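These notes are about the structure you will find just below.
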Amino acid sequence: MLDQTAVEKLDVEAVNAGAKASSQPLYAARQKIHPKRAEGFYRRLKWIIMAVTLGIYYVTPWIRWDRGPHAPDQAVLIDIANRRFYFFFVEIWPQEFIFIAGLLVMAGIGLFLITSVVGRAWCGYTCPQTVWTDLFLVVERFFEGDRNARIKLDKEPWTASKVSKKTAKHAVWLLIAVATGGAWIFYFADAPTLAVDFATGQAPFVAYGTVGVLTATTYVLGAIMREQVCIYMCPWPRIQAAMLDENSLVVTYNDWRGEPRMRGQKKAKAQGVVPGDCVDCNACVAVCPTGIDIRDGQQLECITCALCIDACDAVMDKVGHERGLISYATLADYNHNMRVATGEDGKIDPTRVRTPDGGFVDRIRTFQWREMLRLRTVIYFSAWAAIGIGLLVALGARDRLEVNVLHDRNPVFTQLSDGSIRNGYTVKILNMVAEPRTITLSLDGLPGATMAINGIDGEPARSFDIPVAPDKLRPLRVFVAQPPEQVQPGSTGFSFVVEEDLAGEVDVYNANFEAPED
Amino acid sequence: MAEDKKDIDEISGVETTGHEWDGIKELNNPLPRWWLWTFYATIIWTIGYTILYPAWPGITGATAGVLGWTSRGQLAEEMQAARAEQSVWLDRIDQAEVTEIAADPELVQFAVAGGSSAFKVYCVQCHGSGAQGSPGYPNLNDDEWIWGGSLEEIAWTIRHGVRYEPDFDTRFNEMPAYGRDDILSRQEISDVAWYVRQISGQEYDEEAAARGAETFEIECSACHGIEGEGVPELGGPALNDAIWLYGGSHEQIVAQINNPQMGVMPAWGERLGETTIKQLAVYVHQLGGGQ
């Protein structure tokens, strides 16, 4: 027989329940939340995701990647001073920012896709606010114990033991915060060098400032503010309402099998009342990091961390019901099941969903994986994939040798003593590989014309070999002169051609040569 | 006055603000108290700020602020920092000969930037913003130089000016007013002008040019060269090319022989100092025509 009394009722109330009081103040003090430790599938999943995301964050700047002697050997480096972004085998110049923009667009659409399929999975599992808050909670639990111990400790007077526990907790929090801010700066400079400079006080002021600011935000937002950030500061809870639809999986309390919730179910049964599966133990409320009662339905405060599912499943195991009283479910399934469960009197009747032998009736719907495949998600995925493929193709086909040309505006042309017409250009040769290269710059078209280049020796000619430093842009002042007998009045088109023989790379810039109209 | 009735939203049980737009009501949830604290914090910040920085307006001016900060002072500091940064380069330019500067790509880069900005302040009034000149004011982009186009010659011209009498070392020459002072007849002047058009490769009157050739050799070649190729040492412009300071038509050439216009350029040496003169010389030299 089931022993209902084995499940203790926890003394906890949803933090947003206070708002339902009939007379409300202008300001409400924050109700401190003491989330209880949960155990189960989703908790394990969150541990894994926490380990992976924190691992990526802290380790990435230390990964080395050999790019030869002329480029940094840090796998991921945002080199702001030299305006380069290195990502393993990819190097991005500022004008190639389209790749970063593309990735951001993909991240946006990816977020829409994930949200329309599994709700606020970003909030619940991978958002830095969630991950770091989780980490800070681990520390809190280590020093102060689980929920009840912490509540008790908070009520205690300030004894030496309490002071030492709180001091230790905040000290470790601050250490984590410093490490978080500290890791950030390594993405922007050579990590081993900067680490030594930072420790010896040789690092630039901006490094210390950044660490300081990020330490403060990590400590304040992650350790102190916690769920207040999600509820009052973050715009995503508001945006997500537009992203969810009736087929999105969200953390749901299944009223249709839970109600009427009651304690002392044995006694109730003896009196002929048929109770729902919910034993009203409040375990779901106690574990909630934002302190809400999921049984009140979807709420903006819910980050869908699914810890209430773990808590409830444990209770269901204990009382001998199927798991999933709280589960990931779609609104469509939920509404359908509610119609099945609701009697003519508008109340939920457990006998309507149960067969006599204790199972669910056939009309009860459960989530089918193919529900994820619907027009909306297909469109999101297609757009996401199309941009991704487009970016990859563009990345594969992009030039590593480029030429840009600016025609002088003032004067547009100059007449020389022999009657020749000369035009001035600023020619920029971009050698986008980490090797020094000799680039051939030549004229195509414009018969008889020759060029002279400031700083490059040699008689005027139609072609010059220009050495360009590794991974650098070389600007040149180029003067193109055409003899008087070949000058065409007005504007004449021609091309600057840059070539590199070893890699067989070519780039062409179509320019104009200006001469007097008459 | 009647007390407003509290309007409670049925679903959430929360009081509304009482405002309604097409059936949509706004819940009047209480603000978190820490939000109020941040508001108070900004007020406290303001007090500190107005004590530290200029803030309160008075009759003759605002309160100065304990830190003594002014925007003018900040500008002065930034200018000083910029000068300190530039002084490394300016010292090197100061120490170097103008030809040494031109041989050092780093110094050239700095000198061209500095020369360019000095040019835009002191030179554009006559030579134009692109140094393209205008009738009477030489184009500095082309390859003809009245007083020489080497770095040293350009620097000298800038330093001492042209026909600038207060400067003892100024570039000086004077072309006689052949018509005004009755040195040549009208006919002779016209003939010489035709000859000048001939040697500069323009359409000309053959007979007249043949007569003018003789006069040219006697009167003009000393300063303009036997072939009209110019004598930069004397500041005699080349006449056998396509570039004309005062115009190349027969009429314009006649006018110039008759009663020459002769431009004046001030000496900049004392005003700008040698460091700026060198930068200007390097800038002008690299415009395309430097020799």
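Just so you know, all these numbers are worked out from the coordinates, no wet-lab data involved. If you're wondering where the values come from, they're calculated on a predicted model, not measured in any experiment. No Cβ is skipped: glycine too gets one built from the backbone with ideal geometry, and neighbour counts run over all protein chains shown.
Considering the protein assembly as shown, what Rg and Dmax in Å follow from its alpha-carbon atoms?
Both quantities, over Cα of the protein assembly as shown: 41.9, 142 Å.
At a Förster distance of 51 Å, what's the computed FRET efficiency of residue A:457 paired with residue B:87, Cβ-Cβ distance as r, to 0.05?
Details: r = 31 Å, r/R0 = 0.62.
After rounding, the FRET efficiency stands at 0.95.
Taking amide H atoms as placed 1.01 Å from N in the peptide plane, list the residues 5 or more away in sequence, or in a different chain, whose amide H sits under 5 Å from that of residue B:131.
none
When the Cα centres of the stretch A:320-358 and the stretch A:130-195 are compared, how far apart do they sit, in Å?
Centre-to-centre (Cα) distance: 43 Å.
For the stretch B:74-113, list residues with backbone N below 16 Å from a point placed 7 Å from the Cα of residue A:469 toward its Cβ?
Residues passing the 16 Å test: B:104-110.
Taking a cut-off of 20 Å between Cα atoms, list the lysines near residue A:472, but don't count ones fewer than 8 places away on the same chain.
Residue A:472 reaches A:428.
Could you tell me the largest-minus-smallest coordinate of the C-alpha atoms of chain B on each of the three principal axes, in descending order and whole angstroms?
For chain B, the Cα spread along each principal axis is 115, 53, 44 Å.
Distance between Cα centroids, the stretch B:203-225 to the stretch A:366-433: provide it in whole Å.
61
Alpha carbon centre of the stretch A:208-241 versus the stretch A:441-480: separation in Å?
One Cα centre to the other: 54 Å.
Using a Förster distance of 25 Å, how high is the FRET efficiency between residue A:488 and residue B:227, based on the Cβ-Cβ distance and rounded to 0.05? Show your work: numbers first, answer last.
On the way: r = 30 Å, r/R0 = 1.21.
Given R0 = 25 Å and the Cβ-Cβ separation, E is 0.25.
I want to check the label-to-label distance for residue A:167 and residue A:345. Put each point 7 Å from Cα in the C-beta direction and report it in nm to one decimal.
6.2
Under 11 Å from a label point 7 Å along Cα→Cβ of residue A:138: give me every residue in the stretch A:51-86 with its amide N that close.
Output list for this probe position: A:51-55.
Please compute the modelled spin-label separation between residue A:495 and residue A:63, points set 7 Å along Cα→Cβ, answer in nm with one decimal.
4.0
Based on alpha-carbon atoms only, what is the radius of gyration of the stretch A:433-518 relative to the globular estimate 2.2 N^0.38 Å? Spell out each step's value before the answer.
Working: Rg = 14.3 Å, N = 86, 2.2 N^0.38 = 12.0 Å.
Taking the Cα Rg and dividing by 2.2 N^0.38 Å, one obtains 1.19.
Taking one equal scatterer on every alpha-carbon of the stretch A:249-367, how large is log10 of I(q)/I(0) by Debye at q = 0.14, 0.21 1/Å?
Here the Debye-derived log intensity ratios amount to -0.57, -1.27.
Given contacts defined as C-alpha pairs under 8 Å and at least six residues apart, what's the relative contact order of chain A, whole-number percent?
15
What distance in nm separates the simple spin-label points at residue B:117 and residue A:418, each placed 7 Å from Cα in the Cβ direction?
About 3.8 nm separates the two model spin labels.
Pull out the extension gain between residue A:338 and residue A:187, defined as 0.36 nm times the separation in residues minus the alpha carbon to alpha carbon distance; nm, one decimal. Intermediate values should be presented prior to the final figure.
On the way: separation 151, 0.36 × 151 = 54.36 nm, distance 5.15 nm.
The residue A:338-residue A:187 span can extend by a further 49.2 nm.
If I stretch the segment between residue A:29 and residue A:236 completely, what's the gain in nm (0.36 nm per residue apart, minus their alpha carbon distance), one decimal?
On the way: separation 207, 0.36 × 207 = 74.52 nm, distance 2.34 nm.
72.2 nm is the gain from fully extending residue A:29 to residue A:236.
Could you grab the relative contact order for the stretch B:109-188? Cα pairs under 8 Å, six or more apart, rounded to a whole percent. Write down the numbers at each step before the final one.
Details: 51 pairs, mean separation 8.6, N = 80.
Once normalised by length, the contact order is 11 percent.
I'd like the FRET efficiency for residue A:375 and residue A:246, computed as 1/(1 + (r/R0)^6) with the beta carbon distance as r and R0 of 22 Å, rounded to 0.05.
Details: r = 13 Å, r/R0 = 0.60.
Using R0 = 22 Å, I get an efficiency of 0.95.
Filter the cross-link list A:46/A:318; A:36/A:162; A:32/A:269; A:36/A:266; A:36/A:347 down to pairs whose alpha-carbon distance in this structure exceeds 29 Å.
Numbers: A:46/A:318 23 Å; A:36/A:162 20 Å; A:32/A:269 37 Å; A:36/A:266 27 Å; A:36/A:347 32 Å.
Violating the 29 Å limit, Cα to Cα: A:32/A:269; A:36/A:347.
Hey, any idea what the orientation-averaged projected area of the convex hull of the stretch B:42-160's Cα atoms comes to, in nm²?
Details: hull surface 53.1 nm².
Here the figure is 13.3 nm², rounded to one decimal.
Using only the alpha carbons of the stretch A:41-239, determine the length spanned along each of the three principal axes and report them from longest to shortest in whole angstroms.
That gives 62, 49, 29 Å along the principal axes, largest extent first.
How much length is gained on full extension from residue A:151 to residue A:217, taking 0.36 nm per residue of separation minus their Cα-Cα distance?
Values: separation 66, 0.36 × 66 = 23.76 nm, distance 2.58 nm.
Once the chain is fully extended between residue A:151 and residue A:217, it gains 21.2 nm.
Explain nothing, just compute: Karplus ³J(HN,Hα) = 6.51 cos²θ - 1.76 cosθ + 1.60, θ = phi - 60°, for every residue of the stretch B:54-70 in order, whole Hz, x for Gly and Pro.
Values, residue by residue: x, 8, 7, x, x, 6, 9, x, 8, 4, 7, x, 5, 6, x, 6, 9 Hz.
Where does the charge balance sit around residue B:268 when Lys and Arg score +1, Asp and Glu -1, over other residues with C-beta under 12 Å from its C-beta? The partial results should precede the final answer.
Details: positive: B:159, B:271, B:278; negative: B:167, B:270, B:274.
With Lys, Arg at +1 and Asp, Glu at -1, the net is 0.
Picking from B:188, B:219, B:26, which is most flexible by a Gaussian network model of chain B using Cα springs under 10 Å?
The residue that fluctuates most here is B:26.
Along each principal axis of its Cα atoms, how long is the stretch B:83-130 end to end? Whole angstroms, biggest number first, please.
Here the Cα extents, ordered largest to smallest, are 30, 25, 15 Å.
Once you have the alpha carbon radius of gyration of the stretch B:38-104, what is it after dividing by 2.2 N^0.38 Å, with N set to its residue count? Mind showing how you got there, number by number?
Values: Rg = 21.9 Å, N = 67, 2.2 N^0.38 = 10.9 Å.
Here the answer is 2.01, to two decimals.
Among B:10, B:217, what is the fewest-to-most ranking by other Cβ atoms within 10 Å? Numbers along the way, then the final one.
Details: B:10 6, B:217 12.
Starting with the residue having the fewest Cβ neighbours, the order is B:10, B:217.
Given the -39500 (n - 2.57) contribution per DSSP H run of 4+ residues, what per-residue ellipticity at 222 nm results for chain A, rounded to the nearest 500 deg cm²/dmol?
Rounded to the nearest 500, it is -11500 deg cm²/dmol.
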